[in-house]
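Single-structure report; data block below.
Nothing in this text is a laboratory measurement; each read-out follows from the coordinates by a stated rule. These numbers come from a predicted model, not from an experiment. Ideal geometry is used to build each Cβ from the backbone, glycine not excepted, and the neighbour counts take in all protein chains shown.
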Amino acid sequence: MTEAELQLQNALTTTFLANLAFLSEYDKDLYLRIDNLSQAIDEGIYEERFFLEFLEKEGEFDIYDKKENRYVYDQNPKKLKNKAKNLDFTSKGSFSDLKRGLYSGEREEINFDLNEPISLDNSFRMILNDVSDYVDVFSDKIGTYENKRFKSFEKFIIIGTLLSRHLLNIHKKFNPELYFICESNLEIFRLSLFVFDYTELVRDGGAIIFSIMDDDNLFDKKCSLFMLYKPYKNYCLKFFTTDYNVSSLFDNIANSFSSNNPFNYNYISLLYNLLNNNSKIIGTYNRVKLQAATGVLTDKPILFIGAGPSLEDEIEWISKNQNKFIIISMAAALKKIIPNKIIPDIIATADSGEKVVLDQFDLDNNIEYIKDKIIFASSMTSYNILANFKKENVFIFDVMSSFFTDSIYHNGYSIGEITLSWLLSLNCKEIYLLGVDLALNQKTGETHMSEHVSSKKLILSDDTFFVDKGNFSTREDTVEVKGNFFKKVKTTRLFMLSLIEMNNIIKKLLVDEQKVYNLSKNGAFINNTIPSTSDDIKLKDINKNIDKMKKNLIKISTKFLSDDNKQSLEMEVEYLKNFLYFLNNSEKKKLDYKEFEKYINSLYDNFNENIYKMVASKGFLLTYLNTHLLYIDYCLNDKSIKKENQKINETLEVLEKQINNLIKNYLKYTEIVKNI
């Protein structure tokens, strides 16, 4: 070995050890995985595929792929460095949370009663009007998004690392506060530790979230942490990609974007549907306290029926075997099962929109069959819907936010994962899922059973990468996931979000005594469930004893707020009044962009420091801020902005007015529930 080679080897070793020391403090789990891989290589347990090679002519490093007998950089590593140098301050190569159709500046007439449940369409009309107040300030309808030059990017995504030696060029130009660095191959990332010092990215107070060869659930968790840091910056998250084995990383990032979009649970629905509705149903219906569920709802097998494509294949089998299960059906599946003489024992519903739920229940045709059945309803289910059933048969489960301060609830994107969380929390031991596909019909591309109001057909053969399309859609894009019976199945991003939540709920709640069987032929594989066919099930008829189940539910239910709940609301009311004083009286004259951002961060800090005082207000208030600050910061983060101070002052006036109005209405609901 020559002197130069020896010096190079020593330099590589020094960098590697320095990175290990950094990771051992910064990301212990990643450090241990790297250390285990290194040991496996040293002991000959793991055979390396990728090797670091120094290209003397280039004065740079490449990766040799032994399996493919090729160089990953094609012996031109400077090409990636030059690509990084050419990044600019435009939106080219970025993800965005902006719903650009909202910023037309148009206004909708509000001619509906805010004391009644608000449809999803009407909630967006109200948001549009709030948005338009800000559009009036900035006169920016997002029409120049592609050409706009931003002042800064405080968050940055690295998609694929390879050797990471190009990152220093990115860091010098943008110097972001937070990186999300993801790589699908641990062996490749390990090689980068020899040739790039990752502490360079954090020396000036920056931070990194690493996701290296993580499973989908862990990736989503880490990417969500990245998204939740200064969420109002998510209007343009710049990324850099190596274009090497990154398609799955792009898909996972798109899924995380979808799950963290503030429009998923809009603040109007949270306030005027969820909390308004709660002010009308507290004191009337039994509310299940899952934290008190120490006993078992039933020891009988449960068949949970969803409205997925697989339901249609098993209608005859369900009809013949319905006396062998306690049947719990989504309301959305009633149109399929009741005409086939399958009558559920329990019906589960979670939607807030009256029109949607009325269509699902189809009361004109079904009321005689279901009027005496148990109803599992989310706290968002309209009181007008619940009035169709006997009060003693209705059991409410909290979702998203609650006036009951000790309430436990598990959120989801669909009734499927939400209902399963209820069943597992109620200690049901034997649960069979059918029609909970979370995937498309693998022959027709249908999203649901044919009778479902939202059923549509997607093109299964469309494999166009969403990056090539220029955008992604939660409902229209198709992605592949592991199938319950098929090796792979096509699903949508929206179903993928539900699948991730389903996996998280089962991981959190499932205990050894519980078994969940997945009978959905077209369905996605759900972690910790047992794929089964209807032919596998050999059960006998049972005595359902529905009255005993009702008694078990009543034991762990309450109709009224406790004294402690009311005391917590009193503390929240006091806090919100103080917050409004802070909001209305803070010194905000002639703020520039940096000062405005400090003020906004002080609002978030105020919420975070007093989160224990916020009972049900934190959901809609934080969602409001995340929704509108997205647009506000987009407009201010502009190198060509004019009259910045004036626009900031006008923006703050709108912000104060709208937040005052939201809190005023919320306090009205708290006063109602405190006196029930």
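A Cα-only calculation for segment 284-558 places Rg and Dmax at 18.0, 57 Å.
Per-residue ellipticity at 222 nm computed for the chain from its helices equals -13000 deg cm²/dmol, with DSSP H segments shorter than 4 residues left out and the rest contributing -39,500 (n - 2.57).
Over the C-alpha atoms of the chain, the Rg to Rh ratio, Rh being the Kirkwood estimate, stands at 0.99. Phi-derived couplings, Karplus 6.51 cos²θ - 1.76 cosθ + 1.60 at θ = phi - 60°, listed residue by residue for segment 616-632: 10, 8, 4, x, 6, 5, 5, 5, 4, 4, 5, 6, 8, 5, 4, 6, 4 Hz, with x used for Gly and Pro. Rg/Rh for segment 349-456 (Cα atoms only, Rh after Kirkwood) is 0.97.
Here, P(r) means the percent of Cα pairs in each 10 Å bin from 0 to the largest distance; for segment 1-70 it is 17, 37, 39, 7. Along its first, second and third principal axes, ordered by size, segment 561-621 spans 47, 18, 17 Å in Cα coordinates.
Which shape class, rounded, prolate or oblate, goes with segment 470-526 when its Cα gyration tensor gives a ≥ b ≥ c as root eigenvalues, a/c under 1.5 marks rounded, and past that a/b bigger than b/c marks prolate? Oblate is the answer for segment 470-526, as a/c is 1.5 or above yet b/c matches or exceeds a/b. In plain terms, the bigger the Kirkwood radius, the slower the diffusion; for segment 562-674, with that radius from Cα pairs, at 4 °C and 1.567 mPa s, Stokes-Einstein puts D at 85 µm²/s. Across all C-alpha atoms in segment 49-103, the radius of gyration and Dmax reach 17.8, 55 Å. Once backbone amide H atoms are built at 1.01 Å from N, LEU303 has ILE326, ILE327, ILE328, TYR432 as its partners under 5 Å, excluding neighbours fewer than 5 places away on the same chain. Note on segment 295-401: Kirkwood hydrodynamic radius from all Cα pairs is 14.3 Å, rounded to one decimal. Spin-label pair SER152-LEU186: with each label point 7 Å from Cα along the Cα-Cβ axis, the two points sit 3.7 nm from one another. According to the calculation over all Cα-Cα pairs in segment 253-348, the P(r) per 5 Å bin from zero is 2, 10, 14, 13, 13, 16, 17, 13, 3, 0 %. Counted by Cβ distance under 12 Å from THR241, the other residues give a net charge of 0, where Lys and Arg count +1 and Asp and Glu count -1. Can you tell me the relative contact order of the chain? Whole percent, Cα pairs under 8 Å, sequence separation 6 or more. Computed value for the chain: 15 percent relative contact order. Toward the positive end of the charge dipole of segment 149-293, with +1 on the Cβ of Lys and Arg and -1 on the Cβ of Asp and Glu, the farthest Cα among PHE250, PHE239, LEU274 is that of LEU274. Based on Cα atoms of segment 168-289, Rg over Rh with Rh as the Kirkwood radius reads 1.14. Counting only alpha carbon atoms, the long axis of helix 546-555 and the longest principal axis of the chain meet at about 70°. Angle, helix 216-228 long axis vs. longest principal axis of the chain, Cα atoms, 0 to 90°, nearest 10? The angle comes out at about 80 degrees.
The convex hull drawn around the Cα atoms of segment 90-150, when projected onto a plane and averaged over every direction, covers 5.1 nm².
Sorted from longest to shortest, the spans of the Cα atoms of segment 474-627 along the three principal axes equal 72, 44, 26 Å.
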